Amino acid sequence: MAEEFPDRQWGSRTTLLARAANRFAATRPGSRFIRIISPLDRAILDRTDAKYTVLGPIGAPVILLTTIGRTSGQPRTHPLLYVHGGDTLYVIGSNFGQDHHPAWTANLLANPIATVVISGERINVLATPVTGPDKDTVFTQFVDLAGAYAAYRSRTTRDLRIFALHRA
């Protein structure tokens, strides 16, 4: 059996603040706000080894995913929410419901070797696209994690890419 990933969430998703943040994230202004603060969040997550986020203790499970740019060949780091599946982490390319896929998903399709920082650990991973009925199951888990994902999917006609990350 593969080694499980650490699982750490700062705070609780059931607090009033967390519920309000989730509702706000589902709105277009909320999505824009999160995109704007993403560089600051990335910096805080990087400095704390993905233990703390700019969003505060709202119980959002966040990792830093570093891919290799498919054109530049340079490392590209992105803070992402994830669904924890024991020895698998799932990430979704929702891009807040925009009409284009986030660049990190194309990077993983071109080169599935990546690194995650989770709970203070840096772990090499191999990414595989999730397809078929498993994709619907995992998407439901994302909606359970943050209802905003249902809003993101309703904003676009593109198929949201989901990846399973396993230790490399």
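A few notes on this one:
- Remark: C-alpha extents of region 43-106 on the principal axes read 35, 26, 24 Å, sorted largest to smallest.
- Dividing the helix sum by the residues of the chain, where each DSSP H run of 4 or more adds -39500 (n - 2.57), gives a mean residue ellipticity at 222 nm of -11000 deg cm²/dmol.
- The value of relative contact order for region 43-168, using C-alpha pairs under 8 Å at least six residues apart, is 29 percent.
- Spin-label model, Ile113 to Ile37: label points 7 Å out along the Cα-to-beta-carbon direction sit 3.6 nm apart.
- Leu126-Thr140 pseudo-label distance in nm [points 7 Å out on the Cα-to-Cβ vector]: 2.9
- Whole-percent carbon and sulfur share, accessible surface of the chain, 1.4 Å: 54
- Accessible area expressed per residue, the chain, with surrounding protein chains retained (probe 1.4 Å, Å²): 51
- Debye equation applied to the C-alpha atoms of region 43-168, log10 I(q)/I(0) at 0.20, 0.21 Å⁻¹: -1.25, -1.37
The values are calculated or read from the model by the stated rules, or taken from the named source; none is laboratory data. These numbers were taken from a predicted model, which means no experiment stands behind them. Cβ coordinates were reconstructed from backbone atoms using ideal geometry, including for glycine residues, and neighbour counts include every protein chain displayed. Keep in mind that these areas ignore ligands, DNA and RNA; they rest on the heavy atoms of the full protein, side chains included. Shrake-Rupley method; radii C 1.70, N 1.55, O 1.52, S 1.80 Å.
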